[in-house]
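The values are calculated or read from the model by the stated rules, or taken from the named source; none is laboratory data. Because the structure is predicted, anything quoted here is derived from the model rather than measured. Positions of Cβ are generated from backbone atoms using ideal geometry, with glycine treated the same way; all protein chains shown enter the neighbour counts.
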Amino acid sequence: MLITDYTDTNSIRATLGVSVDELEDAVLLLPLWATQLYEGLIDLAPDLPSVYTTIKALPTPTSDQQRFLNLSSAFATYFVASKFIEQAPLLFPQTLRGVKDQFTRVQDPFATLQQGIYSGLSYVKDKLLVALQAVNPTDIAPPPVQRVFGVSTGLGYDPVTDSPPQYPILP
């Protein structure tokens, strides 16, 4: 799997706000990003990649299927951008003066951009799950019910008399 199966490199660059010179295709097409994207899709819904591949192969997808394809592409773009922005402190220098003179990194790189990418990812993820439910209703199971058990016990002694408790005898 390649990230270009889901999105294109120009979309990722546009989301990050960088140019081809700053972020080359060779970097974006590394297997690392494809692996992380695949795992992100599997975490979202185990059958999502296979549903996407099946729908993408259709000659004329329905409107729900086309919406699913579009949202999958948007999710892939934001997901790869979010993973890439985590590495931004290592990749983008703040100042560079001479090769040996000075090199400093950005302290809080692209904080606003990072926040925007994460909120966009969250928004698209929710929409994608709805679209997946529309095209493949059996794919998404309802969220598991989380049960919280509580236990209470009576006191083992009467705190007033400091003796075993006297329970009333019911008729």
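Let's see how each residue does on (1) at pLDDT below 90; (2) of a type in the set (Lys, Arg); (3) more than 19 Å from Val130 (Cβ to Cβ):
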site	(1), (2), (3)
Asp8	no, no, yes
Gly17	yes, no, yes
Glu22	yes, no, yes
Val27	yes, no, yes
Ala34	no, no, yes
Ser63	no, no, no
Phe68	no, no, no
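Among all residue pairs at least 6 apart or on different chains, which show Cβ distances below 7 Å where the first residue, located in the range 19-38, is of a type in the set (Val, Ile, Thr) and the second is buried (at least 18 other Cβ atoms within 10 Å of the Cβ)? Taking only residues 6 or more apart or on different chains, the pairs are Val20/Arg13. Scanning the range 4-17 for residues that are assigned to a helix (DSSP H, G or I) and more than 18 Å from Phe68 (Cβ to Cβ) returns Thr4, Thr9, Asn10, Ile12, Arg13, Ala14, Thr15, Leu16. Reported count of residues in the range 6-50, each being touching a helix residue (DSSP H, G or I) at 6+ places or on another chain (Cβ under 8 Å) and farther than 15 Å from Phe84 by Cβ, is 7.
When the range 34-61 is limited to residues that are among the aliphatic types (A, V, I, L, M) and loosely packed, with under 12 Cβ neighbours inside 10 Å, the one that is farthest from Tyr78 (Cα to Cα) turns out to be Leu58. Contact map, the range 51-63: first residue in contact (Cβ under 8 Å) with a residue 40 or more places away in the chain, second residue among the small types (Gly, Ala, Ser), Cβ cut-off under 6 Å, separation 6 or more or different chains; pairs are Tyr52/Ser72.
Comparison of Asp158, Asp108, Asp139, Asp126 shows that the only residue that is at pLDDT below 75 and under 25 Å from Leu48 (Cα atoms) is Asp139. Residues in the range 1-30 that are of a type in the set (Asp, Glu) and within 21 Å of the chain's Cα centre (by Cα): 2 in all. For the range 18-40, a residue qualifies if it is among the aliphatic types (A, V, I, L, M) and assigned to a helix (DSSP H, G or I), and the qualifying residues are Ala26, Val27, Leu28, Leu32, Ala34, Leu37.
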